[in-house]
Each structure stands twice: as structure tokens, then as C-alpha cells.
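Undergrad: My structure is below; once you've seen it, I'll send some questions.
The values are calculated or read from the model by the stated rules, or taken from the named source; none is laboratory data. Quick caveat, the model's predicted, so the values are computed rather than measured. No Cβ is skipped: glycine too gets one built from the backbone with ideal geometry, and neighbour counts run over all protein chains shown. To get the accessible areas, we keep the full protein, side chains included, count just its heavy atoms, and leave off ligands, DNA and RNA. Shrake-Rupley method; radii C 1.70, N 1.55, O 1.52, S 1.80 Å.
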Amino acid sequence: MKEYVWGVISGSKSLDDWDAYVQQIESLGVQEIIDELTTIHGAQMKEYEEYMKKAQ
């Protein structure tokens, strides 16, 4: 991602290639990773909230 963004900033990559870049990232399974991280974060926040209730 950093390589692409800096390429656009420096002019060595075209912003017109954005859609192809997004397709490439999606083909690597990034949405599945985001979904998993969202689930984990939600569970951790619930545990933290329960912990804080008990600590009061």
C-alpha cells in the first residue's frame, strides 16, 4: 500500500490504476482479514467492558 501511495505522490504511478490496485488487494483476501479483526476487536471490547464493570 505504501509503495502505491508514494508512487502516486511521486508521479511514478497513476491514480488511474486505483481500481486495479483495489481489485488486487481484494483478491488477496483483505476483506476476510478485516472481518476477522472486527470480530476479534468486538469480543475484546466486550470482555474489557465486563472487566471494567467488575473493577468498579
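Undergrad: Write down the accessible area per residue of the chain in Å², having rolled a 1.4 Å probe over the full set of protein chains. Spell out each step's value before the answer.
TA: Details: 5280 Å² over 56 residues.
Per-residue value: 94 Å².
Undergrad: Determine the dipole magnitude for the chain: charges of +1 sit on the beta-carbon of Lys and Arg, -1 on that of Asp and Glu, nothing else is charged, the reference point is the Cα centre, and the result goes in debye to the nearest 20.
TA: Working: 5 positive and 11 negative charges, 72 e Å.
Dipole of the chain, to the nearest 20 debye: 340 debye.
Undergrad: Using +1 at the Cβ of each Lys and Arg and -1 at the Cβ of each Asp and Glu in the chain, identify which of G42, Q23, W6 lies farthest towards the dipole's positive end.
TA: After comparing all options, I get G42.
Undergrad: Which one, G29, G42, G11, has the greatest fluctuation when you compute a Gaussian network model over the chain with C-alpha springs under 10 angstrom?
TA: G11
Undergrad: Keeping all protein chains in place and using 1.4 angstrom, which order do D19, D35 fall into by accessible surface area, from largest down?
TA: Largest accessible area first, the list is D19, D35.
Undergrad: Going by alpha carbons, how many degrees (0 to 90, nearest 10) lie between the helix axis of 30-55 and the longest principal axis of the chain?
TA: Between the helix axis and the principal axis of the chain, the angle is about 30 degrees.
Undergrad: What lysines does K46 reach when the alpha-carbon gap must be under 30 Å and sequence neighbours fewer than 8 apart in one chain are set aside?
TA: Cross-link targets: K54.
Undergrad: In whole percent, how big is the carbon plus sulfur part of the accessible area of the chain, probe 1.4 Å, protein atoms only?
TA: Carbon plus sulfur share of accessible area: 57 percent.
Undergrad: Among all the lysines, which ones have a C-alpha under 26 Å from K2's C-alpha, if same-chain residues fewer than 8 places away are not counted?
TA: Straight-line reach from K2, under 26 Å: K13.
Undergrad: How far is helix 18-27 tilted, in degrees, relative to the longest principal axis of the Cα atoms in the chain, given as a value from 0 to 90 rounded to the nearest 10?
TA: Helix 18-27 sits roughly 50 degrees off the main axis of the chain.
Undergrad: If the chain between E36 and D19 were fully stretched, how many nm would it gain, using 0.36 nm times the residue separation less the Cα-Cα distance?
TA: Numbers: separation 17, 0.36 × 17 = 6.12 nm, distance 2.40 nm.
Using 0.36 nm per residue and subtracting the Cα-Cα distance, I get 3.7 nm.
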